[in-house]
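Here, each number is a calculation from the coordinates, and none is a lab measurement. All values reported here derive from a predicted model rather than from experimental measurement. In this analysis, Cβ positions are derived from the backbone assuming ideal geometry, glycine residues included, and neighbour counts consider all displayed protein chains.
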Amino acid sequence: MSSLCSARLARFKHRSPLRGFTLIELLVTVVVLSILLGLAVPAFRSFIQNDQQWTQQNNLVLALNAARSEAIKEDIVGGVSVCASTGAGAPPTCDTANWAQGWIVLPSVNPFGAGAPKPLQVVGALPAGTTLTEFAGNSTVTFLSNGALGALATPEATVRFRLCDSRGAAFARYLQVTLMGRVVASPTVGRDLTGAALTCP
């Protein structure tokens with residue numbers, strides 16, 4: 001029994017003492033982590049901005065397509081409009097020329113019966129530092145019952161939108177509505193459908 005205890009005691013004495021990190025090792029770890037964070041944070045911020053901008057563009061595409069679909073489905077003679085709106089009032093109306101303040105989908109007549117038409121969709125203001133402009137300055141886009149574009153305040157061959165954020169023209173997004181009412185977004189950031197570089201206000 002004593003020999004067994006002696007053997008265990010000997011093994012315990014020969015064990016290496018437990019070591020922690022030295023100050024040098026901790027400093028190296030902190031420096032490496034700082035470098036990695038310095039690289040990751042800007043990339044993550046850019047990812048968030050790209051996702052936010054894509055969502056804003058997609059909201060406009062959905063609103064335009066919803067207006068066209070509603071005009072065709074309900075056969076509304078005066079059509080259905082997408083117009084810049086602050087969303088104020090009850091119900092909200094087309095009360096601004098600045099698309100960055102938001103927009104609404106508004107039928108020319110109430111498809112659900114008597115009374116003034118109410119918005120079918122309301123989209124709020126874009127984040128600070130974001131601009132959304134229509135190239136010819138149109139603040140209302142109307143789709144007729146056949147799906148085509150209605151008369152514009154400033155006649156153009158197409159309605160063209162440009163979405164910019166604080167990063168500038170290289171990250172701008174472009175979409176347009178043809179005379180037949182088709183909504184097309186450019187697949188290339190910073191370029192229109194012809195490949196020409198965009199500019200931001």
Discussion item. With the requirement that a residue be surrounded by fewer than 20 Cβ atoms within 10 Å (Cβ to Cβ) and assigned to a loop (DSSP other than H, G, I, E, B), what does the range 157-185 give you?
Written reply: 157, 158, 166, 167, 168, 178, 179, 180, 182
Worksheet entry | Where a residue in the range 140-162 is on the phi < 0 side of the Ramachandran plot and of a type in the set (Gly, Ala, Ser) and its partner, wherever it lies, is part of a strand (DSSP E or B) and buried (at least 16 other Cβ atoms within 10 Å of the Cβ), with Cβ under 6 Å and at least six apart | 150/142
Worksheet entry | Considering residues of the range 114-155 that are assigned to a strand (DSSP E or B) and hydroxyl-bearing (Ser, Thr, Tyr) only, the residue nearest to residue 88 (Cα to Cα) | 140
Item to complete: Just give me the residues in the range 52-103 being farther than 11 Å from residue 143 by Cα, among the β-branched types (Val, Ile, Thr) and either in contact with a Cys (Cβ under 6 Å, 6 or more places away or on another chain) or not in a loop (DSSP other than H, G, I, E, B) (or both), in sequence order.
Response: 55, 61
